[in-house]
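Written below as structure tokens is the structure these notes are about.
The values are calculated or read from the model by the stated rules, or taken from the named source; none is laboratory data. None of these values were measured; they are calculated from a predicted model. Counting neighbours? That spans all protein chains shown, and the Cβs are built from the backbone with ideal geometry, glycine included. These accessible areas exclude ligands, DNA and RNA; they are computed on the full protein's heavy atoms, side chains included. Shrake-Rupley method; radii C 1.70, N 1.55, O 1.52, S 1.80 Å.
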Amino acid sequence: MGTMKIPVTLIAGFLGSGKTTLVQRILSERHGQRCAVIVNEFGALGIDGDLVVRRQAQDAAVVELSNGCICCEIQDDLRSTLADLVSRGAGRGVGRWLRRSNAGFDRILVEASGAASPGPAVQTFLVDDELSESVRLDGVVTLVHAAHVLDLLGSTVEAAQQIAYADRIVVNHADRVDAPTLEHVEGHLQSLNPLARVRSAERAQVPLDWVLDSAAETDLDERRASIVAAAGDEHIGHTPGLGSISLETEQSVDRDATLMWLEFLAKRRSHELMRAKGILRPSSGGGALVVQGVYQWIEATLDDVEPPEISRLVIIGRDLDRDEILRGWRAIGGELASVG
């Protein structure tokens, strides 16, 4: 039996979206999970001294908190900090301190840089074989400012990427806009990323079990339901360049051809295909064909469950060539499509 991998949740969002407020809540509230939180600027969190039960500054900037969580800075880069955090040997810094102090954790949260795309960080978890032996990416939570997100989407590529890669989107500062505007913002974000779960909040007051939830990535029935809902979404997004295409067919598809086609889309233009997710009925082999694609990482694996009667695939990206994608879909056996 393989070693249980530590789930990692990436928290993204522009400056002012409420990321730090959410991280502070995770570090201070009782939520039943021992979390290790990696942040870019440790001092910016302003952790209340009453919450700190032990601090070790000689080997690493790390704080242990009264609710069982720990917090540390990104030392060199994300990859090296993660490797140190999960090391079981006499590694430097955080890993060594954890071993000495007998501290442990159930989950890692990473606060991403505010003005950055989550794509490179996501790829760190997916393509680094050594790191993937001990951790798995659980999902991306993106926070946005309800009053500013539409302007950011129209002016910055990074804001669009933070939405495209998200598994959960928090429309924060909902009290700064009126009800019709909030409804419009939520609908627009859902149309840009029909795979994400969207909810509004004030002062990042969302249930922490929702933020730390991994069911959508581990339960096939829930994944199937989310893909069906996404494929049936008829919203049309108007953010320049960013959009989604939902594909479905009653015909079986060829697994190898599907994988080759998606890899071609991912590599032809490196930032075109941001996400792909689907559950398909393969033409050979038992079970369902589960497709996952993030950044330039594509995977199509057979799952030993009943294959769907209708195969569905949702693609999210920038400047998607609809006609080219439809030709490829038909070439592997697909026949129907809707565009969002």
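Summary table below
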read-out	value
By accessible area with a 1.4 Å probe, ligands and nucleic acids excluded, highest first: order of Asp304, Asp321	Asp304, Asp321
Listed peptides 162-175, 8-21 by packing density, highest first (mean Cβ within 10 Å)	162-175, 8-21
Rounded accessible area per residue of region 114-215, 1.4 Å, Å²	38 Å²
Largest to smallest accessible area among Ser244, Ser284 [probe 1.4 Å]	Ser284, Ser244
Accessible surface ranking that places the most exposed of Val305, Val157, Val86, Val140 first, with a 1.4 angstrom probe	Val157, Val305, Val86, Val140
Distance between modelled label sites at Lys5 and Arg176, nm, 7 Å Cα→Cβ extension	3.6 nm
